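Enquirer: Would you mind keeping the following structure in view while I ask a few things?
We did not get these values from a lab; they are worked out from the coordinates using the rules stated. These numbers come from a predicted model, not from an experiment. With ideal geometry, Cβ positions are generated from the backbone for all residues, glycine too; neighbour counts draw on all protein chains shown.
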Amino acid sequence: ETGVTQSPTHLIKTRGQQVTLRCSSQSGHNTVSWYQQALGQGPQFIFQYYREEENGRGNFPPRFSGLQFPNYSSELNVNALELDDSALYLCASSAGQQNTEAFFGQGTRLTVV
Amino acid sequence: DAKTTQPTSMDCAEGRAANLPCNHSTISGNEYVYWYRQIHSQGPQYIIHGLKNNETNEMASLIITEDRKSSTLILPHATLRDTAVYYCIVRGRSGNTPLVFGKGTRLSVIA
C-alpha cells in the first residue's frame with residue numbers, strides 16, 4: 001500500500017467521448033505526476049503538478065489536461081478519446097521538488113471502443 | 001527516450017541472489033540512478049536509488065560502478081513474489097524531472 005489511490009479502477013469509453021480520472025496523493029505529498037502505460041511498454045510521462053501548477057509535460061497532445069486541487073489530489077482529463085488512448089493510467093505522488101522517490105497508485109485501466 | 005539499457009529478461013532460482021544489470025553510459029554528474037519494479041497489473045514500486053555510493057535497504061542493494069556508467073541491482077534472496085519487470089531509471093536532481101521508463105528487465109524467479 002502506497003497511500004496513493006486512483007479511481008475508477010476500470011473504465012470503458014467510446015471513441016470521441018471525454019473521460020476524467022482521479023488520484024488522491026499520499027499524505028504530505030504536494031507533487032503529482034501522471035503516466036500512460038500501453039500494453040507491453042513502460043509508463044510514459046504525461047505531465048506533473050506541483051502546488052496546483054503544471055510544471056512539466058511529456059509529448060502528449062493538448063486534449064490531455066489536468067488539475068491539482070488545494071488538497072493536492074489531482075484529475076487527468078482526456079477529450080476526444082481515440083482507440084490508442086486505451087492504456088493503464090498511473091498516478092504518482094512525491095514530496096516537494098527534491099529528488100525523492102515517487103509512490104504510484106494501482107492505476108486506472110481505460111478501454112476505448 | 002530512456003537513458004538506460006537493460007537486458008530484456010532474466011531468470012533466477014528461488015533463494016538465490018538476483019543481479020540485474022543496467023548501463024547508463026551518458027549519465028551526468030548530477031543524475032541519480034533509480035530502480036522501480038512493476039508486478040503484473042500493479043503500479044510501479046520504488047526499490048532504491050543512489051548517486052555514486054553503493055546503497056542498501058530492506059529490499060535490495062544498489063552497486064554503482066566508480067565511473068557511474070553502469071549499476072547492478074541485487075535482490076539477495078529472490079522469492080517467487082519478486083517476479084516482476086524491473087526498471088532502471090536515470091533522473092536529474094530537480095524534482096521537476098520526470099521518471100523516464102524504458103522497457104525494463106522481466107525477472108522470472110523459478111521454484
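Enquirer: What dipole magnitude, in Debye to the nearest 20, does the stretch A:10-63 give about its Cα centre under +1 on Lys/Arg Cβ and -1 on Asp/Glu Cβ? The partial results should precede the final answer.
Expert: Values: 6 positive and 3 negative charges, 53 e Å.
Roughly 260 debye, rounded to the nearest 20.
Enquirer: Post the alpha-carbon centroid distance, the stretch A:29-65 to the stretch B:65-97, in whole angstrom.
Expert: Rounded to whole Å, the Cα centres lie 22 Å apart.
Enquirer: A follow-up question, please. According to a simple spin-label model (label point 7 Å from Cα along Cα-to-Cβ), what is the distance in nm between A:Asn55 and B:Leu80?
Expert: With each label placed 7 Å out from Cα toward Cβ, I get 4.4 nm.
Enquirer: Under 12 Å from the Cβ of B:Cys12, count the other residues' Cβ atoms, weight Lys and Arg +1, Asp and Glu -1, and hand me the total.
Expert: -1
Enquirer: Pull up the cross-link candidates among the lysines for B:Lys69, meaning alpha carbon to alpha carbon under 22 Å and not fewer than 8 places away within one chain.
Expert: Cα-Cα hits under 22 Å: B:Lys3, B:Lys52, B:Lys103.
Enquirer: Shifting gears a bit: Going by amide H atoms built from the backbone, whose H comes under 5 Å of the H on A:Lys13, apart from near neighbours?
Expert: It is A:Thr111, A:Val112, A:Val113, by chain and number.
Enquirer: Give the average, rounded to an integer, of partner chain Cβ atoms located within 10 angstrom of each Cβ in B:25-33.
Expert: That average works out to 0.
Enquirer: Shifting gears a bit: For the stretch B:66-72, in order, what is each residue's ³J(HN,Hα) by Karplus, 6.51 cos²θ - 1.76 cosθ + 1.60 with θ = phi - 60°, in whole Hz (x at glycine and Pro)?
Expert: Each residue of the stretch B:66-72 in turn: 4, 7, 6, 8, 7, 8, 9 Hz.
Enquirer: Once amide H atoms are placed 1.01 Å from N in the peptide plane, what residues at a sequence separation of 5 or more from B:Thr83, or on another chain, have their amide H within under 5 Å of its amide H?
Expert: Residues meeting the amide H criterion: B:Val109.
Enquirer: With +1 assigned to the C-beta of every Lys and Arg and -1 to the C-beta of every Asp and Glu, and no other charges, what is the dipole magnitude of the protein assembly as shown about the Cα centre in debye, to the nearest 20?
Expert: 220
Enquirer: Placing +1 on the Cβ of each Lys and Arg and -1 on the Cβ of each Asp and Glu in chain B, which of B:Gly15, B:Asn54, B:Val90 has its Cα farthest towards the positive end of the resulting dipole?
Expert: Highest projection toward the positive end goes to B:Val90.
Enquirer: Report, as an integer, the average count of C-beta atoms from other chains found within 10 Å of each Cβ along B:80-92.
Expert: Values: counts 0, 0, 0, 0, 0, 2, 0, 2, 0, 1, 0, 2, 1.
Averaged over the peptide's residues, the number is 1.
Enquirer: To the nearest 20 debye, what is the magnitude of the charge dipole of chain B about its Cα centre, counting +1 on the Cβ of each Lys and Arg and -1 on the Cβ of each Asp and Glu? Please report the intermediate quantities before stating the final value.
Expert: Working: 11 positive and 9 negative charges, 44 e Å.
Using Cβ point charges on Lys, Arg, Asp and Glu, chain B gives about 220 debye.
Enquirer: According to the square roots a ≥ b ≥ c of the eigenvalues of the Cα gyration tensor, what is the shape class of the stretch B:27-96, taking rounded for a/c under 1.5, prolate for a/b larger than b/c otherwise, and oblate for the remainder?
Expert: oblate
Enquirer: Okay, moving on. With θ set to phi - 60°, apply the Karplus curve 6.51 cos²θ - 1.76 cosθ + 1.60 along the stretch A:8-17 and write out the HN-Hα couplings as whole Hz, x wherever there is a Gly or Pro.
Expert: x, 7, 9, 7, 10, 10, 9, 3, x, 6
Enquirer: Skipping prolines and chain starts, which residues have an amide H placed within reach, meaning under 5 Å, of the one on B:Met10, given they are 5 or more residues away or on another chain?
Expert: Those lying under 5 Å, H to H, from B:Met10 are B:Arg106, B:Leu107, B:Ser108.
Enquirer: On to the next question. Counting just the Cα atoms, what span does the stretch A:8-100 cover along each of its three principal axes? Round to the nearest Å and put the largest first.
Expert: 37, 26, 24
Enquirer: Looking only at other chains, what is the average number of their beta-carbon atoms within 10 angstrom of each beta-carbon in A:102-112?
Expert: Details: counts 8, 4, 8, 3, 3, 5, 0, 1, 0, 0, 0.
Whole-number average of other-chain Cβ neighbours for A:102-112 is 3.
Enquirer: Restrict the search to the stretch B:19-74; then list the trypsin sites (Lys or Arg not before Pro) that DSSP places in a loop and that have at most 16 other Cβ atoms within 10 Å of their Cβ.
Expert: B:Lys52, B:Lys69
Enquirer: Explain nothing, just the number: relative contact order of chain B, from Cα pairs under 8 Å at least 6 residues apart, as a whole percent.
Expert: 37
Enquirer: Under 14 Å from the Cβ of A:Lys13, count the other residues' Cβ atoms, weight Lys and Arg +1, Asp and Glu -1, and hand me the total.
Expert: Here the count lands on 0.
Enquirer: Mean separation of Cα pairs under 8 Å and 6+ residues apart, divided by the residue count of the stretch A:2-109: what relative contact order is that in percent?
Expert: 37
Enquirer: Dipole of chain A (Lys/Arg Cβ +1, Asp/Glu Cβ -1, origin at the Cα centre): which of A:Val112, A:Ser94, A:Gln37 lies farthest to the positive side?
Expert: It is A:Val112, whose Cα lies furthest towards the positive end.
Enquirer: Percent antiparallel among DSSP beta bridges with both residues in chain A, to the nearest 5?
Expert: 90
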